[in-house]
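Enquirer: This is the structure I have questions about; it appears just below.
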Amino acid sequence: NSQSNQFCEAGIGYGEVGCGLSSSTKLLIKGGTVVNAHHQEVADVYVEDGIIVAVKPDLKVTDDVKVIDATGKFVMPGGIDPHTHLAMEFMGTETIDDFFSGQAAALAGGTTMHIDFVIPVNGSLIAGLESYEEKAKKSCMDYGFHMAITKFDDSVSRDMEIMVKEKGINSFKFFLAYKGSLMVNDELLLEGLKQCKSLGALAMVHAENGDAVFEGQKRMIQLGITGPEGHALSRPPLLEGEATARAIRLAGFVNTPLYVVHVMSIDAMEEIAKARKSGQRVVGEPVVSGLVLDDSGLWDSDFATASKFVMSPPIRAAGHNKVLQGALSNGVLQLVGTDHCVFNSTQKAFGIDDFRKIPNGVNGIEERMHLVWDTMVESGQISVNDFVRVTSTEWYALTVILCYARIFNIYPRKGAIITGSDADIIILNPNSSFEINAQSHHSRTDTNVYEGRRGKGKVEVTIAGGRVVWENNELKVVPGSGKYIEMPPFNYLFSGIDKADASYLSSLNAPVKRSKSTT
Ligand code: URP
Ligand code: ZN
Ligand code: ZN
Ligand code: ZN
């Protein structure tokens, strides 16, 4: 693997000594502008044993402390990617970034935590979790899990409860697409929404109408359109809008919060905007590919180039991206994921004669922070504080629980630079620039959907768990150093749901009495 030399010692000797990792557990970040989601100030940040101990101007320290000068730079919480697929078995193959290579790439791009989707094994949640726990043993940064629900019966219902109450999983994803594999029907979705509500877990949907997509694919094949462009043509924005609307209405019917993953189209965004305006609790997650790319690459005459853009829902025609950026800046959409799910060009070529066999997914875990900075902050669409909110803090708002004794379980443990938080920190130089290409990226894949892109703002230092893991364009990562972060149920979106249910019930009159003798 040509990339591995960028990690310390190419697969061996990752340990502290062999890698020459700083043994100092004390760090001082001097003179930067410390940015949180609601506040910023010029201050020093002092870290000891993985925890932020002080945030104050002009801190004095002893000689054994490693000092990093951040003058003129932004010191911000490490990014949190709420949507990744590392080592996922999908479409007859497995994503090529695993929990080590994907996380190493993330750290090089300023992301210090991610939340991955556990896929059940033959419908079993327990077996699925065990398999992901095994995959995640090589982690070099902190991570959490969502879980997909692909069938529903009493045992799945029971296991969902175990996941929430004992395993630290507080969100379940329902795929309304991928007919014949992951897709669920409305009956199953309703059962799932009810169980999520009773457990205080967040229901997530992949919103595309899978039956209609199946029909659209047949149409394309009949027309002789078998290339990557057929992927986009077979599943237009209309089908994303329909499924988003349906999921929102069913979540409204059950009265439980809903999180729509990878919002790729104006059609889906407008359904979310409408629901939020009416007071419904719906969260919309755009992904970087949808915010910055358009579908033109799918028409490239080179198959390897065109196929690398195949993901679901598809990257849309130019115009959707700009509108999604606007929705992110005005708060209709709340936090940015990547859906990092990479297959190399050999794997993509499984679909050389038939777009239906191209494994779906694009990269982004390493590029997200830079691209959101350049596209949203440099262009003046969001503030630096909002950058921290949409790339890091917002997820933690979603994990804060209502029981105040435990409210500090997660936030501000992560997503903030304040005394007591985990030392997951980045230093971003707004005057430096980045350039993206497959030669220098840290993912194992051999292509990059952002190939050749340059922009302003560069993550120069990443600190994960108090350890400097990215500095001077060099990664120093240790497999096994990442921790599993449990996420408690009943986030703020559940607040007041019981009252709303009670008031609805009391608004219903008792059954209308009618005499039987009306012939
Ligand atoms: O194309 C995609 N998005 N692949 C990953 C699976 C999913 O739907 O999130
Ligand atoms: Zn302050
Ligand atoms: Zn999806
Ligand atoms: Zn995904």
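Enquirer: Measure out, as a whole number of angstrom, how far apart the alpha-carbon centroids of the range 267-294 and the range 363-390 sit.
Expert: Between the Cα centres of the range 267-294 and the range 363-390 lies a distance of 17 Å.
Enquirer: In Å and whole numbers, how far do the C-alpha atoms of the chain stretch along each principal axis, longest first?
Expert: 97, 58, 44 Å, listed from the longest principal axis down.
Enquirer: Can you tell me the relative contact order of the chain? Whole percent, Cα pairs under 8 Å, sequence separation 6 or more. Spell out each step's value before the answer.
Expert: Details: 1189 pairs, mean separation 111.0, N = 519.
Over the chain, the number comes to 21 percent.
Enquirer: Mind computing the radius of gyration and Dmax over the alpha-carbon atoms of the range 237-308? Å is fine for both.
Expert: Over the range 237-308's Cα set, Rg and Dmax evaluate to 14.9, 48 Å.
Enquirer: How many angstrom lie between the C-alpha centres of the range 69-131 and the range 309-346?
Expert: 17
Enquirer: Fewest first, what order do Tyr484, Tyr396 take by the number of other Cβ atoms within 10 Å?
Expert: On the way: Tyr484 15, Tyr396 23.
Ranking Tyr484, Tyr396 by Cβ neighbours within 10 Å, fewest first, gives Tyr484, Tyr396.
Enquirer: Hey, could you pull the Cα Rg and Dmax for the range 198-278, both in Å?
Expert: Cα-based Rg and Dmax for the range 198-278 come out at 14.8, 48 Å.
Enquirer: Can you sort Thr244, Thr25, Thr445 by how many other beta carbons sit within 10 Å, fewest first? Before the final figure, lay out the partial values.
Expert: Details: Thr244 29, Thr25 16, Thr445 25.
In increasing order of surrounding Cβ atoms, one gets Thr25, Thr445, Thr244.
Enquirer: Provide the percentage of antiparallel DSSP beta bridges, counting only those with both residues in the range 81-146; round to the nearest 5.
Expert: Numbers: 3 of 10 bridges.
Among the beta bridges of the range 81-146, antiparallel pairing accounts for roughly 30 percent.
Enquirer: In addition: Under 1.5 on a/c is rounded, so check that first for the range 214-334, then, if it is not, pick prolate when a/b is larger than b/c and oblate when it is not; a ≥ b ≥ c are the square roots of the alpha carbon gyration tensor eigenvalues. Kindly include the intermediate steps, with their values, before the conclusion.
Expert: Values: a/c = 3.04, a/b = 1.68, b/c = 1.81.
Since a/c reaches 1.5 but b/c is at least a/b, the shape of the range 214-334 is classed as oblate.
Enquirer: Same structure, new question: Under 8 Å for C-alpha pairs, at least 6 residues apart: give me the relative contact order for the range 224-310, rounded to a whole percent.
Expert: Details: 96 pairs, mean separation 28.6, N = 87.
Once divided by the residue count of the range 224-310, the mean separation gives 33 percent.
Enquirer: For Trp299 and Lys274, what is the calculated FRET efficiency with R₀ set at 30 Å and r taken between the beta-carbons, to the nearest 0.05? Write out the running numbers ahead of the final one.
Expert: Numbers: r = 32 Å, r/R0 = 1.07.
Working from the Cβ atoms, E equals 0.40.
Enquirer: On to the next question. Just to be sure I understand: of the beta bridges DSSP finds with both ends in the chain, what percent are antiparallel, rounded to 5? It would help to have the intermediate numbers written out before the result.
Expert: On the way: 36 of 70 bridges.
About 50 percent, rounded to the nearest 5.
Enquirer: Ok, one more. In nm, what is the difference between 0.36 nm times the number of residues separating Val53 and Ser433 and their Cα-Cα distance?
Expert: Working: separation 380, 0.36 × 380 = 136.80 nm, distance 3.09 nm.
Gain in length upon complete extension: 133.7 nm.
Enquirer: Is the shape of the range 154-250 best called rounded, prolate or oblate, per the rule: a/c under 1.5 gives rounded, else a/b larger than b/c gives prolate, else oblate, with a ≥ b ≥ c the square roots of the Cα gyration tensor eigenvalues? Kindly include the intermediate steps, with their values, before the conclusion.
Expert: On the way: a/c = 3.01, a/b = 2.52, b/c = 1.19.
Prolate is the answer for the range 154-250, as a/c is 1.5 or above and a/b outweighs b/c.
Enquirer: Please tell me which of these pairs span more than 20 angstrom C-alpha to C-alpha: Lys66/Lys138; Lys30/Lys483; Lys56/Lys458; Lys26/Lys60; Lys138/Lys476? Don't jump to the answer; show the numbers that get you there.
Expert: Numbers: Lys66/Lys138 27 Å; Lys30/Lys483 27 Å; Lys56/Lys458 24 Å; Lys26/Lys60 13 Å; Lys138/Lys476 14 Å.
As for pairs spanning more than 20 Å Cα to Cα, those are Lys66/Lys138; Lys30/Lys483; Lys56/Lys458.
Enquirer: Tell me whether the range 357-503 comes out rounded, prolate or oblate; compute the Cα gyration tensor, take square roots of the eigenvalues as a ≥ b ≥ c, and use a/c under 1.5 as the rounded threshold.
Expert: Details: a/c = 1.82, a/b = 1.65, b/c = 1.10.
Prolate is the answer for the range 357-503, as a/c is 1.5 or above and a/b outweighs b/c.
Enquirer: Straight distance only, please: which aspartates and glutamates reach the Cα of Lys348 with their own Cα at less than 12 Å, same-chain residues fewer than 8 apart left out?
Expert: By straight Cα distance, Lys348 reaches Glu94, Asp446.
Enquirer: If you rank Thr346, Thr62, Thr391, Thr93 by fewest surrounding Cβ atoms within 10 Å, what's the result?
Expert: Lowest to highest Cβ neighbour count: Thr62, Thr346, Thr93, Thr391.
Enquirer: Turning to a different aspect of this structure: Among Gly102, Gly144, Val61, whose Cα lies farthest out toward the positive end of the dipole of the range 56-147, if unit charges sit on the beta carbon of Lys, Arg (+1) and Asp, Glu (-1)?
Expert: Farthest towards the positive end: Val61.
Read-outs: derived from the displayed coordinates by stated rules, not from any lab. Please read all numbers here as calculations on a predicted model, not as lab measurements. Note: ideal-geometry Cβ built from the backbone for every residue, glycine included; neighbour counts use all protein chains shown.
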